[in-house]
Amino acid sequence: MDPGDAAGDPAAGARRCTGQDPLLLLQTLQTLWSTRERQQLREEAWRGFAALDDPLAGLLDMLESSQGRRGEGPSLEAWVSHQLQCWLQAQPRPDPAQHSPRLEQLQARAVKVLTESPPSLAAPLASIFQLQDADRSCLLEHVHRLYHEGRFREAVMLGTTLKLQPELDVEKMSVPLLLQDKVALVERYVAGFPDLQRRLLALMDSWCQPGFDIKDVARQYPQVASLSLEKLSPKVLSRQVLRLQEQFGMVPALCPHAATQQRLAALRHLCHKRFVEKSLSQENWADHVQGLVGHSPWLQEQLSQLLTSLGDPGTAARCALNLLLPEDQLPATVAAELSRLQLQGRAADADSRPNVKDMKDQHYQLPIPRENVYLLASREDLARHEGALLQPQQVVGVDLEWTPVFVAGGRPRPSLLQVAMEGRVFLFDILALTQPPAGQGAQAFSQLVAQLLSDPSITKLGYGMAGDLQKLGTSCPALAHVEKQVLGGMDLLLVHRQMRVAGMPTPGVDRASGLRGLSLLVQQVLGTTLDKTQQLSNWDRRPLCEEQLIYAAADAYCLLEVHQALCREPARFHLSGDLAGSQRPRHRERPGTQEPPGLREASASPRQVPVAVAEATIPRVPARTFRVVCDNMLQGLARSLRCLGVDAHVLGSSEDHRRAAEVARLEGRIILTSGQPYHTLRAQVGAGRCLLVDGSLKAQQQAKSVLRHFNVRVTHEDIFSRCQACNSDQYLKVSRDMMKQLMWLSSHQEGPWTSETVLASVSLPVELQRGLLSAPVEGGGHPKTLQL
């Protein structure tokens, strides 16, 4: 080898003198590691492994020589260990039994290295040296040494890697990590060991018991740094326990204290709903509270304290009387008031429905006679009304009611399905119809509902209907995924997000009145609000009371009246006139299309700004006519949209976000933004022309969300029809040699790469020069893309 070659190629020079010395091999790899030549690095590493007399011992020599200067991040040592693991797997392996004494010596060295190494070395070293088969006492000794040195995380990770969990005390290993809020690491530690999972849950549940102070545990571990005791409050910890209980598939009885803490949190929530928001009647409140408290003396005491905190002995006494709370747990003032009520024999709460009587006329009233509300609770009831329910060309409102769940881990079970049509409302008693689950009533119910939802000639109105139908599928297995089979559906929630009315609050929540959701939509369109007093009532109770039946019927029937009002005056709410066409029959889409069920093909003018109104009314917008402006925080989204043929203008890094509104107005673009600028920009453009993009999503996920929101249609011709860098949709075709010159220029040119730069450096044909000079350049820094 020429000496000059060694000077120009340090790897070649080192390779000449490496021979069988692992430390010289490490030096060679360190040189290449700094140059980021990974392919050459891998080739050199594998060549060096083959040249070593003992690759396993050589690896340990390299690791031991570099101890004390390794960081926690990606390191050469971890990379070398992984590469040796791959190299060994590619070699014919000798019988380990032939080298048992030597292997034991290497294992002892490997364990010592492992205890001083970052976590990234654990897996490859365990595989290379077969540490799972090593002397368990030696391995356990190293784990205990790490633990007593206060290196709890390293001890748990080493024990997990070497599968030593059954021989270690799960409480001893887990407590220090739990004190530091490293629950995920503890989960991995007990994964695959049901007995350890049960013991971990029992430990964490014991911390949820009344009167327990986590600080008493923390004082036993002075070595633990950065305590996160606020994450171990009974309220937060109980959620973790119940989550793990469900994740591990353990019986709820294993976590009684966590369940009690969750009931206490539910009691606080119910008291807030009843006495602060006044959105829950006394009857419904007492019904839920009685189910939560049961016969638990501690919860009875906590409820008594909650009632006392109201500051009204009379109210607290009436509640205590309804719930039969022990008098010895009540304060003297409340107990005295309770005795007075008992003497008078007044067990009913005079304020059982706060504000309902005085405000009844202000709420939406069911506009049909009570006898036109039908409760269907049997197979015969379904057969009697099947013809009316499946009548073609009609519009129906669909809603669902379920008993609220106030504890973590619980899932609501649908109780009542409401279907409203002109002049009538049908209430399906799901609990009665689906018992037994495989009975004839359940089959008839599933068939009728599936037929109704899949008939494209019947327009189904809902508010968040997909979520309701998903819950229905959990209660009735035959209707699983029924939300994906809906044809002719219109979700008024999507309409609500787009509508704008002068002087009315924007979609979401009216902070002044506290209205939200469907009740806010009814108020904005019909001028009245829904009475939500029965919303949180016990819908599993049978028979249902009259107030519940009227509430359920009104909740579904109001959808019809809202829809009619929107169809009559779409312009009043800044909606598309196509909303009135939502009552026309829908047709099934061609197989293979991505269009949601119930959508119709429609054309849009080239300069039309699409506004999402509702699934049943949004016209398909060709990708090449869809024009957006992205703020400078969404440059990745802009590139993804350009790949799909969308005309995406993106603000420069130094441009103010208010520039987006100016561009949108001048060029008829939709604004895509994230974070705080959304509220400012939305007020400067028309309805539906500013979209808040979830900044936590990846660019491709953001692009999918935008296209789905505006119903943009992407064809094969749209893919890569625009340049990701400059947004141009015109390309110049050049030869391969010319492209090589341009690529060279791109890697050597300093500063902006402009059209003039290209022409000054590369000889292009005259017609291509004219085309390049006439190309618009976004930001002055990138010319039109050249296509081979």
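The values are calculated or read from the model by the stated rules, or taken from the named source; none is laboratory data. Quick caveat: nothing in here was measured; it's all calculated off a predicted structure. Neighbour counts are summed over all protein chains in view; Cβ atoms, including those assigned to glycine, are modelled from backbone coordinates with ideal geometry.
Can we say GLN240 is surrounded by 15 or more Cβ atoms within 10 Å (Cβ to Cβ), among the polar types (S, T, N, Q), within 19 Å of ALA191 (Cα to Cα) and within 30 Å of the chain's Cα centre (by Cα)? Here the answer is yes, as GLN240 does meet what is asked. Scoring LYS231 on the criteria (1) within 27 Å of the chain's Cα centre (by Cα); (2) at pLDDT 90 or above leaves a single failure, condition (2).
Within region 667-684, the residues that satisfy the criterion of being assigned to a loop (DSSP other than H, G, I, E, B) and under 19 Å from THR625 (Cα atoms) are GLY668, ARG669. Can you say whether LEU461 is in a helix (DSSP H, G or I) and either surrounded by 18 or more Cβ atoms within 10 Å (Cβ to Cβ) or out of contact with any helix residue (DSSP H, G or I) (no Cβ under 8 Å at 6 or more places or on another chain) (or both), as far as the supplied structure shows? When the stated conditions are applied, LEU461 does not pass them. When region 253-294 is filtered for residues that are closer than 15 Å to THR315 by Cα and not in a helix (DSSP H, G or I), the ones remaining, listed by number, are LYS278, LEU280, SER281. Those residues that are without any contact (Cβ under 8 Å) to a residue 60 or more places away in the chain, closer than 28 Å to LEU520 by Cβ and small (Gly, Ala, Ser), I need them from region 457-484; list them, please. Result: GLY464, ALA466, GLY467, GLY473. Candidates in region 116-129 are the residues that are surrounded by fewer than 17 Cβ atoms within 10 Å (Cβ to Cβ) and in a helix (DSSP H, G or I); of these, the one that is modelled with the highest pLDDT is ALA123. A single entry from LEU579, LEU549 fulfils the requirement of being at pLDDT 80 or above, surrounded by 15 or more Cβ atoms within 10 Å (Cβ to Cβ) and either of a type outside the set (Asp, Glu) or closer than 26 Å to LYS278 by Cβ (or both): LEU549. Every condition in (1) modelled with pLDDT of 80 or more; (2) aliphatic (A, V, I, L, M); (3) over 19 Å from GLY48 (Cβ atoms); (4) crowded, with 17+ Cβ neighbours inside 10 Å holds for ALA108 except the one numbered (4). ARG153 satisfies every condition listed in (1) surrounded by 21 or more Cβ atoms within 10 Å (Cβ to Cβ); (2) modelled with pLDDT of 85 or more except (1).
What's the total number of residues in region 510-539 that are among the hydrophobic types (A, V, I, L, M, F, W, C), modelled with pLDDT under 80 and farther than 30 Å from LEU292 by Cα? Residues that pass the stated criteria total 1. Regarding ALA432, is this residue modelled with pLDDT under 90 and hydrophobic (A, V, I, L, M, F, W, C)? The answer is no for ALA432. Screening PRO326 with (1) out of contact with any Gly (no Cβ under 6 Å at 6 or more places or on another chain); (2) crowded, with 19+ Cβ neighbours inside 10 Å gives one miss only, at (2). What about GLN594, is it modelled with pLDDT under 90, of a type in the set (S, T, N, Q) and out of contact with any Leu (no Cβ under 7 Å at 6 or more places or on another chain)? Considered against the rule, which asks whether it is modelled with pLDDT under 90, of a type in the set (S, T, N, Q) and out of contact with any Leu (no Cβ under 7 Å at 6 or more places or on another chain), GLN594 comes out as yes.
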